[in-house]
Amino acid sequence: MCFMLIRKEETKDYNIIFSVVKKAFESAEHSDGNEQDLVNALRKSEAYIPELSLVAEKDGEIVAHIMFTKARVESHIVLALAPLSVLPEYQRQGIGTALIEEGHKIAKNLGYEYSVVLGSEKYYPRAGYVPADTLGIFAPFDAPRENFMAYKIVENASNIYGKIRYAKEFGVE
């Protein structure tokens, strides 16, 4: 069994993360091929939360990355989980799930109440994500209900209702 370490990304990791994200999305079913550029753009944005940009290392090598950034639903700050990247040869080993869980734990300690993701309806529900509209969060674009999901980070989270507004780097109005 390989040892896995989840830690906050560091500046020295940026080039490796760029490569991991690019490789992870090369064979993805839904990808625009620019996820690695989005990570770099978000890192320079006001939405960036250094504590919530994490890497997973196996035997000293970065094999996965996750990023949560700030978004808004009306007056509430929520998190947008995007992207989650695991090198193809390390997928289906629980690494992505471990990154999501660690991100949720850190997010809770930082006081965030919700995380939103546009992703696989087969994958994210395993981490507790449900259709976002059931939590009062709506997409600002047409998305299949089963793919636009949210997670309540704290049980007694504030009730919210409205369209999510992503960081401008996502290119979504």
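Every read-out reported here was derived from the displayed coordinates using simple, explicitly stated rules and does not represent laboratory data. Fair warning: this is a prediction, and the values are worked out from it, not measured in the lab. For neighbour counting, all protein chains shown are included, and Cβ atoms are generated from backbone atoms with ideal geometry for every residue, glycine included.
Among the residues of segment 51-65, write down those that are in a strand (DSSP E or B), more than 17 Å from Ile106 (Cβ to Cβ) and acidic (Asp, Glu).
Glu61, the sole residue that qualifies.
Restricting attention to segment 105-139, which residues are surrounded by 13 or more Cβ atoms within 10 Å (Cβ to Cβ) and either among the polar types (S, T, N, Q) or part of a loop (DSSP other than H, G, I, E, B) (or both)?
Tyr112, Glu113, Ser115, Gly119, Ser120, Glu121, Tyr123, Gly128, Tyr129, Gly136, Ala139
Taking segment 66-103, which residues are exposed (fewer than 15 other Cβ atoms within 10 Å of the Cβ), assigned to a strand (DSSP E or B) and touching a residue at least 60 places away in the same chain (Cβ under 8 Å)?
Result: no residue meets the conditions.
Could you list, ordered by first residue, the pairs with Cβ atoms under 7 Å in which the first is in segment 53-64 and at positive phi and the second is of a type outside the set (S, T, N, Q), at least 6 apart or interchain?
Final answer for the pair search is Asp59/Cys2; Asp59/Phe3.
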